[in-house]
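Below is one structure; the comments refer to it alone.
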Amino acid sequence: MAMKSIVGLLEYVKEGWKINIRLIDYVNEPHCNCTMSYIANSIYALFNRVAAIQDADAVERIPPVNPDCPPRLILKDGEKAPRVLIIGGGLAGMSAALELSERGFEVVIREANPILGGRLDSKKTQPLLPLDPTEFYADHGFHAWFVNSYHQFGDIINRLGLNDQLQAWEKTDIVFRNYNAEAIVSQGPYPLNLINVLRTSTNMNYLTSLRIMGIATDSAFYDYSKIYEDWDEYSVEEWAEKRGIDKAYYDIVVKPVGAVTLSKVQGFSAAEMQNMMQIFFLAGPGADVRFTTKQSFYKSLLEPWRNRLLQNGVRIERSKPVKALRMQDGVCEGIDGEPETYDYTIMAADLPGAKSILEGTVDACMDKKSGTLATKLREPVSKCKIAPPYKILKVWLKGLLPADKYPAIIETPEHSPLNEIVQYHMLQDEYKEFAAEKGIGCWEFHLYALEDKEWSSFTEAKDVWKKLAPIVHEIVPEMADFEVRGYHMNQYENFPDFSKGQHKFRPQYSAPSSIGIKKLVMAGDWLQTSFPSFIMERAVSTGRLAANEVLREYGVREVELRVVSSYGPGLAAVGRKWIAGLTAKWWGTGKSA
Ligand SMILES: Cc1cc2nc3c(=O)[nH]c(=O)nc-3n(C[C@H](O)[C@H](O)[C@H](O)COP(=O)(O)OP(=O)(O)OC[C@H]3O[C@@H](n4cnc5c(N)ncnc54)[C@H](O)[C@@H]3O)c2cc1C
């Protein structure tokens, strides 16, 4: 590691020196009539070198703390496997279930909904009745996998043999009211991708880079260990103001990134934004390449995942919400009011679910010790805010748009509350086939941060469409002539709010054991981690961390975590990593999660 860093630094100095010499030679030559372009290209080349050096360190490993333990449970004759209850069958719960069931634990998943998947679920629907009985799987809402940074999720997809279920979507198309449309294409590691955004933009140019130096520097010298302390009390807007950022860059790049978190962008935490930049932009080459499923979430992911869990002997109990935990003398034993006792419980409910389970638990505790501990756990969780409601509306329309004019996924950050339009008939097989046969397409509209009572009060899809259609037609005028054939709509209020000042309330997965509650651990995207992670990858990572706590307890080797680097690609980070590498080599180190 140390050797690699020294070689890397030397290469960097050598390359930088060569470029400077060439640059000086070049600008001194009489024919030099495009100095700006040459400087830009030289900087590009220099960054390319730095990026290549950085690339090798893009992924950090969190190895098992107990590498000498057996890789799965070893039971003595007649001994029963420990029983683990997992509350919540979303990504976090399913991830924990996979790790534990593969290692010989007896696992029960208890899910409130009739299906697994949580915010990634996929429900059968017949939207075109009575004229057409065709059934579709309607996903919760379009999701993008940043597989090059989602190392935990990528590992699960790999293990389930589902790599062929994903398709890369390299271009991010964004339409605005106040700017030309942008088509951002992933182009190499940072800062090449950033330079490329400026190079290809019709709204910004290289000079914009001078006006984003403040935030570019913050990103380059990103340090996860200080990010919340430094930036969580600031909103993205305040960060931009403090750093004097170019308005076009803020509107075109920063705002759309923040909008995908379903929180109100203006109040969105500057720390979380920098995490997102690190994960989705800086973490390595192709960090910004999005992947989507070729079929519905159910067909592409959830069904094979659920089948693997069933094969591993996992018992899945659906439509059975948990109201409260049963605790005795500070030990979590299972579900309040139910006779079964579990050796460990993983609470992988979403934030609203976790809040209500902890409320119920405080009331249900019969002994003082349990009551005090449950109250202590509930306190910070009750302060974690839930993002405003969001609606996902699917509309089936007779007619199709020219594919070369309208891409499958269009971000619409300036058409609030509309945030995204997805043409399912260009993405998923069943929708594609149906459109080819019947000429009927399916458009999905994401309406986020619905603080406006009128939007959130609509319960009928047709009423939402009536209000939304003029906004959509502004972007896609041809659609005004398409006849509506069917709808599917849901409204939810289950997303953690990532606005400023929230991080201090977010517990870690191990919060129960840290405060003295035994046999209870948590998982979910609303928790904090000690490494950069976000939304789906955070859900899967916390599921794995929770499973690791159980594995440790029973003397089974932990599962390794591979995570995005905690440092941005700045030179200070290179130096810091180099020193860390040296100390690790000489004295050893262990990064606890
Ligand atoms: C519209 C939309 C788009 C998104 N796009 C992306 C994206 O592009 N990329 C990305 O990375 N992430 C995206 N996300 C976020 C991603 O879906 C979540 O981060 C992830 O699915 C969370 O998984 P989880 O297991 O933590 O929670 P959930 O999926 O919410 O699972 C929690 C489960 O717990 C269950 N539960 C709750 N209470 C109880 C109870 N009392 N008893 C039993 N069960 C209970 C719930 O029913 C649910 O099944 C998006 C989310 C939405 C809504």
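Examine region 512-519 for a residue that is within 11 Å of the ligand (Cβ to nearest atom) and touching a Leu at 6+ places or on another chain (Cβ under 7 Å), and state whether such a residue exists.
So in region 512-519, the residues within 11 Å of the ligand (Cβ to nearest atom) come out as none.
For region 512-519, residues within 11 Å of the ligand (Cβ to nearest atom) and touching a Leu at 6+ places or on another chain (Cβ under 7 Å): absent.
Of these, P64, P71, which one is in contact (Cβ under 8 Å) with a residue 40 or more places away in the chain and surrounded by fewer than 17 Cβ atoms within 10 Å (Cβ to Cβ)? Explain how you work it out, then say what you get.
Details: P64 fails: surrounded by fewer than 17 Cβ atoms within 10 Å (Cβ to Cβ).
Of the residues listed, the single one that is in contact (Cβ under 8 Å) with a residue 40 or more places away in the chain and surrounded by fewer than 17 Cβ atoms within 10 Å (Cβ to Cβ) is P71.
Please enumerate the residues belonging to region 109-127 that are within 20 Å of L393 (Cα to Cα), under 21 Å from the mean Cα position of the chain (by Cα) and of a type outside the set (D, E, K, R).
G117, G118, L120, S122
Say we look at region 283-319 and pick out the residues that are in contact with a Gly (Cβ under 8 Å, 6 or more places away or on another chain) and farther than 19 Å from N163 by Cβ; which of these is farthest from the ligand (Cβ to nearest atom)?
The qualifying residue farthest from the ligand (Cβ to nearest atom) is I316.
Assuming E454 fulfils every condition listed in (1) under 21 Å from T134 (Cβ atoms); (2) out of contact with any Pro (no Cβ under 6 Å at 6 or more places or on another chain) apart from one, which condition is it?
The single condition E454 does not satisfy is (1).
Looking at region 307-314, can you tell me whether even one residue there is in the same structural domain as R103 (by TED's automatic domain parsing), under 20 Å from R538 (Cβ atoms) and within 25 Å of the chain's Cα centre (by Cα)?
Of the residues in region 307-314, the ones in the same structural domain as R103 (by TED's automatic domain parsing) are 307-314.
Narrowing the set further to residues that are under 20 Å from R538 (Cβ atoms) leaves none.
So far as region 307-314 goes, no, none of its residues is in the same structural domain as R103 (by TED's automatic domain parsing), under 20 Å from R538 (Cβ atoms) and within 25 Å of the chain's Cα centre (by Cα).
When region 320-331 is examined, which residues are found to be closer than 15 Å to L85 by Cα and either in a loop (DSSP other than H, G, I, E, B) or within 11 Å of the ligand (Cβ to nearest atom) (or both)? Walk me through how you get there before you give the answer.
Let us first name the residues in region 320-331 that are closer than 15 Å to L85 by Cα, namely 320-327, 331.
Passing the criteria: K320, P321, V322, K323, A324, L325.
Of the conditions (1) surrounded by fewer than 19 Cβ atoms within 10 Å (Cβ to Cβ); (2) within 11 Å of the ligand (Cβ to nearest atom), T261 clears all except one; give me its number.
Of everything listed in (1) surrounded by fewer than 19 Cβ atoms within 10 Å (Cβ to Cβ); (2) within 11 Å of the ligand (Cβ to nearest atom), T261 misses just condition (1).
Run down E333, E317 and say which single residue is of a type outside the set (V, I, T), at pLDDT 95 or above and closer than 27 Å to D121 by Cβ. Before the answer, list the steps.
Details: E333 fails: closer than 27 Å to D121 by Cβ.
After applying the criteria, what remains is E317.
Can you report the number of residues in region 264-274 which are away from the ligand (no atom under 15 Å from the Cβ), of a type outside the set (A, V, I, L, M) and assigned to a helix (DSSP H, G or I)?
The number of residues fulfilling the criteria is 3.
Suppose we filter region 451-493 for residues that are among the small types (G, A, S) and over 20 Å from G141 (Cα atoms); how many remain? Even if it seems obvious, please write down each step before you answer.
Initial filter on region 451-493 (among the small types (G, A, S)): 456-457, 461, 469, 480, 486.
In the following step, the residues that additionally are over 20 Å from G141 (Cα atoms) were identified as 480.
So the answer is 1.
Here is a list: T341, T345. Which entry is closer than 29 Å to P512 by Cα, assigned to a strand (DSSP E or B) and polar (S, T, N, Q)?
Details: T341 fails: assigned to a strand (DSSP E or B).
Answer to the selection: T345.
Go through region 70-89 and count every residue that is within 16 Å of the ligand (Cβ to nearest atom) and either not in a loop (DSSP other than H, G, I, E, B) or not assigned by TED's automatic domain parsing to the domain that holds P339 (or both). Talk me through it step by step, then tell me what you get.
Filtering region 70-89 down to residues within 16 Å of the ligand (Cβ to nearest atom) leaves 84-89.
Still in the list and also either not in a loop (DSSP other than H, G, I, E, B) or not assigned by TED's automatic domain parsing to the domain that holds P339 (or both): 84-87.
Here the count works out to 4.
Report yes if A449 is surrounded by 18 or more Cβ atoms within 10 Å (Cβ to Cβ), at positive phi and within 15 Å of the ligand (Cβ to nearest atom), otherwise no. If you could, list the steps in order and put the result at the bottom.
On the way: surrounded by 18 or more Cβ atoms within 10 Å (Cβ to Cβ): yes; at positive phi: yes; within 15 Å of the ligand (Cβ to nearest atom): yes.
Answer is yes for this residue.
Being closer than 30 Å to I440 by Cα, in contact with a Gly (Cβ under 7 Å, 6 or more places away or on another chain), modelled with pLDDT of 95 or more and not small (G, A, S) narrows it down to one residue among L166, L128; which is it?
Exactly one of L166, L128 is closer than 30 Å to I440 by Cα, in contact with a Gly (Cβ under 7 Å, 6 or more places away or on another chain), modelled with pLDDT of 95 or more and not small (G, A, S), namely L128.
I'd like the residue in region 353-365 that is surrounded by fewer than 22 Cβ atoms within 10 Å (Cβ to Cβ) and within 7 Å of the ligand (Cβ to nearest atom) and, out of all such residues, is farthest from I86 (Cα to Cα).
Among those residues, the one meeting the criterion is S356.
Evaluate the following for Y228: is it at pLDDT 85 or above, under 23 Å from V563 (Cβ atoms), under 24 Å from the mean Cα position of the chain (by Cα) and not acidic (D, E)? Break it down stepwise before answering.
On the way: at pLDDT 85 or above: yes; under 23 Å from V563 (Cβ atoms): yes; under 24 Å from the mean Cα position of the chain (by Cα): yes; not acidic (D, E): yes.
Spelling it out, Y228 is indeed at pLDDT 85 or above, under 23 Å from V563 (Cβ atoms), under 24 Å from the mean Cα position of the chain (by Cα) and not acidic (D, E).
Just to be sure before I move on: is G334 touching a residue at least 24 places away in the same chain (Cβ under 8 Å) and in a loop (DSSP other than H, G, I, E, B) in the structure I sent?
No: the conditions fail for G334.
Per-residue answers, yes or no, for (1) within 16 Å of the ligand (Cβ to nearest atom); (2) more than 27 Å from D288 (Cβ to Cβ); (3) at pLDDT below 95; (4) surrounded by fewer than 19 Cβ atoms within 10 Å (Cβ to Cβ):
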{"residue": "T529", "(1), (2), (3), (4)": "yes, no, no, no"}
{"residue": "M536", "(1), (2), (3), (4)": "yes, no, no, no"}
{"residue": "A539", "(1), (2), (3), (4)": "yes, no, no, no"}
{"residue": "L551", "(1), (2), (3), (4)": "no, yes, no, no"}
{"residue": "I579", "(1), (2), (3), (4)": "no, yes, yes, yes"}
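Do we have any residue at all in region 465-487 that's β-branched (V, I, T) and surrounded by fewer than 15 Cβ atoms within 10 Å (Cβ to Cβ)? Spell out the reasoning first.
Within region 465-487, the first condition is being β-branched (V, I, T), and the residues that meet it are 471-472, 475-476, 484.
Next cut, surrounded by fewer than 15 Cβ atoms within 10 Å (Cβ to Cβ) only: 484.
Within region 465-487, one or more residues are β-branched (V, I, T) and surrounded by fewer than 15 Cβ atoms within 10 Å (Cβ to Cβ).
Hey, could you check region 91-108 for residues that are closer than 19 Å to K80 by Cβ and of a type in the set (A, V, I, L, M) and say which is nearest to the chain's Cα centre (by Cα)?
Filtering region 91-108 for residues closer than 19 Å to K80 by Cβ gives 97, 100-108.
Keeping just the survivors that are of a type in the set (A, V, I, L, M) gives 97, 100, 107-108.
Numbers: A97: 20, L100: 23, V107: 26, V108: 26 Å.
The residue in question is A97.
If I filter region 110-123 for residues that are more than 16 Å from the ligand (Cβ to nearest atom) and either at pLDDT below 95 or among the acidic types (D, E) (or both), do I get at least one hit?
First, the residues of region 110-123 that are more than 16 Å from the ligand (Cβ to nearest atom): none.
Scanning region 110-123 turns up no residue that is more than 16 Å from the ligand (Cβ to nearest atom) and either at pLDDT below 95 or among the acidic types (D, E) (or both).
The values are calculated or read from the model by the stated rules, or taken from the named source; none is laboratory data. Because the structure is a prediction, the values reported are computed rather than measured. No Cβ is skipped: glycine too gets one built from the backbone with ideal geometry, and neighbour counts run over all protein chains shown.
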